[in-house]
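**Student:** Can you keep this structure in mind? I'll have questions shortly.
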Amino acid sequence: MRLAQERAEIVRFAQRLRPDGLVVGTSGNLSMRVGNLVLATPSGLDYDTLTPDLVCVTDLSGRLLEGRLEPTSEMPLHLSVYNTTDHTAVVHTHATAATAVSTLVAELPVIHYLVALFGGPVRVAPYATYGTPELAASVTGALEGRTGCLMSNHGTVTVGSSLAQAYQLNLYLEWLCEVWLRASTAAGAVGRLPRELPAKELQRVIAKFETYGQVAPARPVSG
């Protein structure tokens, strides 16, 4: 079985989706690009039963190369990202707060500086039926210059250079949406709108994030 390590990573993150509150049932999906191959979760399979050998492998046109099950119905969306950007991981969820926000606004208000993780204000992609080329085009348009977007009346998509990065961004996006919903509810009670950060500050934080983060030093090898 080729790409065993990547298949195991797909399984590991897929099995976190429900415990992390990002999906219900078998909704949501994720994928990785490795060269000219795409590894993706199967369609409609309970994540608890997913094993590395059940992970689907396709080419960049969506032709199934390995796997006994059909890949996710959102494969057009995943392939559109890989065929139009340099991103190598996609995470699509139906997280509750994010889905609620997607029904209310055209863009997530800049209520916290963590919006900078997404390269700017998080757009809401116009609604289209799931699994269609129209939805894929809508999402790729909303992702232009961004690492995440909301999908109107549907959910979220986050992208990155690794599955770990795309998954972490999905968690951040859900948190941001939850904060905005709570602030909006409280603000409505006192007759005001939540305070937003100015564009200049957001750009400043985006620049700061370019050098943010550390890697733990390697442990010394005992002799």
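**Student:** Could you tell me which numbered condition residue 65 fails, if it satisfies all but one of (1) assigned to a strand (DSSP E or B); (2) crowded, with 18+ Cβ neighbours inside 10 Å?
**Tutor:** Unmet for residue 65, out of (1) assigned to a strand (DSSP E or B); (2) crowded, with 18+ Cβ neighbours inside 10 Å: (2).
**Student:** Being closer than 17 Å to residue 169 by Cβ and of a type in the set (Gly, Ala, Ser) is the filter here; which residues of the range 91-105 pass it?
**Tutor:** 95, 97, 98, 102, listed by residue number.
**Student:** If you don't mind, another one. Tell me which residues, restricted to the range 166-193, are in contact with a strand residue (DSSP E or B) (Cβ under 7 Å, 6 or more places away or on another chain) and closer than 20 Å to residue 144 by Cβ.
**Tutor:** Matches in the range 166-193: 166, 169, 170, 173.
**Student:** When residues of the range 100-118 are filtered for being within 15 Å of the chain's Cα centre (by Cα) and without any contact (Cβ under 8 Å) to a residue 60 or more places away in the chain, how many remain?
**Tutor:** So the count comes out to 2.
**Student:** Look through 157, 57, 91 and report the one residue that is touching a residue at least 40 places away in the same chain (Cβ under 8 Å), under 19 Å from residue 13 (Cα atoms) and in contact with a Cys (Cβ under 7 Å, 6 or more places away or on another chain).
**Tutor:** 157
**Student:** Moving on to the next point. In the set 155, 160, which member is touching a strand residue (DSSP E or B) at 6+ places or on another chain (Cβ under 7 Å) and under 14 Å from residue 99 (Cβ atoms)?
**Tutor:** When all the criteria are applied, what remains is 155.
**Student:** Search the range 119-134 for residues being within 17 Å of residue 90 (Cα to Cα) and without any contact (Cβ under 8 Å) to a residue 60 or more places away in the chain, and hand back the single one that is surrounded by the fewest Cβ atoms within 10 Å (Cβ to Cβ).
**Tutor:** Looking at residues that are within 17 Å of residue 90 (Cα to Cα) and without any contact (Cβ under 8 Å) to a residue 60 or more places away in the chain, I get 133.
**Student:** Write out, first by first residue and then by second, each pair whose Cβ atoms fall under 7 Å of each other, whose residues are 6+ apart or on separate chains, and whose first residue, in the range 184-211, is under 17 Å from residue 105 (Cα atoms) and in contact (Cβ under 8 Å) with a residue 24 or more places away in the chain while the second is polar (S, T, N, Q) and surrounded by 10 or more Cβ atoms within 10 Å (Cβ to Cβ).
**Tutor:** Between residues of the range 184-211 that are under 17 Å from residue 105 (Cα atoms) and in contact (Cβ under 8 Å) with a residue 24 or more places away in the chain and residues that are polar (S, T, N, Q) and surrounded by 10 or more Cβ atoms within 10 Å (Cβ to Cβ), the close pairs are 194/184.
**Student:** Turning to a different aspect of this structure: Just name the residue that is farthest from residue 100 (Cα to Cα) out of those in the range 17-55 that are in contact with a helix residue (DSSP H, G or I) (Cβ under 8 Å, 6 or more places away or on another chain) and surrounded by fewer than 13 Cβ atoms within 10 Å (Cβ to Cβ).
**Tutor:** 53
**Student:** Mind checking which residues of the range 68-87 are assigned to a loop (DSSP other than H, G, I, E, B), modelled with pLDDT of 95 or more, more than 17 Å from residue 166 (Cβ to Cβ) and not aliphatic (A, V, I, L, M)?
**Tutor:** Result: 70, 73.
**Student:** Something else about it: As an exercise: evaluate residue 188 against (1) loosely packed, with under 15 Cβ neighbours inside 10 Å; (2) within 19 Å of residue 120 (Cα to Cα); (3) not aliphatic (A, V, I, L, M) and give the number of the one condition it does not meet.
**Tutor:** (2)
**Student:** A further question on this structure: Considering the range 1-53 alone, what residues qualify as being in a loop (DSSP other than H, G, I, E, B), without any contact (Cβ under 8 Å) to a residue 40 or more places away in the chain and under 13 Å from residue 167 (Cβ atoms)?
**Tutor:** Within the range 1-53, 15, 19, 41 qualify.
One line per residue, one yes/no per condition, for (1) among the aliphatic types (A, V, I, L, M); (2) not in a loop (DSSP other than H, G, I, E, B):
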{"site": "141", "(1), (2)": "no, yes"}
{"site": "146", "(1), (2)": "no, no"}
{"site": "157", "(1), (2)": "yes, yes"}
{"site": "170", "(1), (2)": "no, yes"}
{"site": "176", "(1), (2)": "yes, yes"}
{"site": "181", "(1), (2)": "yes, yes"}
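The values are calculated or read from the model by the stated rules, or taken from the named source; none is laboratory data. These numbers were taken from a predicted model, which means no experiment stands behind them. Every residue, glycine as well, gets a Cβ built from its backbone with ideal geometry; the counts of neighbours run over all protein chains shown.
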